[in-house]
């Protein structure tokens with residue numbers, strides 16, 4: 001059973017994470033038209049770009065788990081391997 005203090009910490013971390021996600025998505029949503037016109041993206045490419053933002057947030061969760069399990073250097077090398 002978690003103490004009240006631990007529950008409050010978990011709740012605050014959740015609120016901060018959700019707020020950061022909402023702010024980044026709002027900023028991205030407002031600038032997607034400018035990005036699409038600058039890079040001359042089609043509507044499909046623009047939609048793919050917009051859909052990739054939540055995947056980036058999920059990738060940070062996986063990256064944190066891999067870093068804890070295998071170490072920072074190994075997870076960094078694994079990530080750099082797929083950048084090509």
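The set of residues from the stretch 1-38 being surrounded by fewer than 10 Cβ atoms within 10 Å (Cβ to Cβ) and either over 23 Å from the mean Cα position of the chain (by Cα) or in contact (Cβ under 8 Å) with a residue 40 or more places away in the chain (or both) comprises 1, 2, 3, 4, 5, 38.
Just one residue in the set 53, 77, 41, 58 is on the phi < 0 side of the Ramachandran plot, in contact (Cβ under 8 Å) with a residue 12 or more places away in the chain and either loosely packed, with under 10 Cβ neighbours inside 10 Å or out of contact with any strand residue (DSSP E or B) (no Cβ under 8 Å at 6 or more places or on another chain) (or both); that residue is 53.
Each value in this text was obtained by applying a stated rule to the coordinates, not by laboratory testing. Every value quoted in this text rests on a predicted model; they were computed, and no experiment measured them. Don't worry about glycine lacking a Cβ; one is built from the backbone with ideal geometry, like all the others, and counts go over all protein chains shown.
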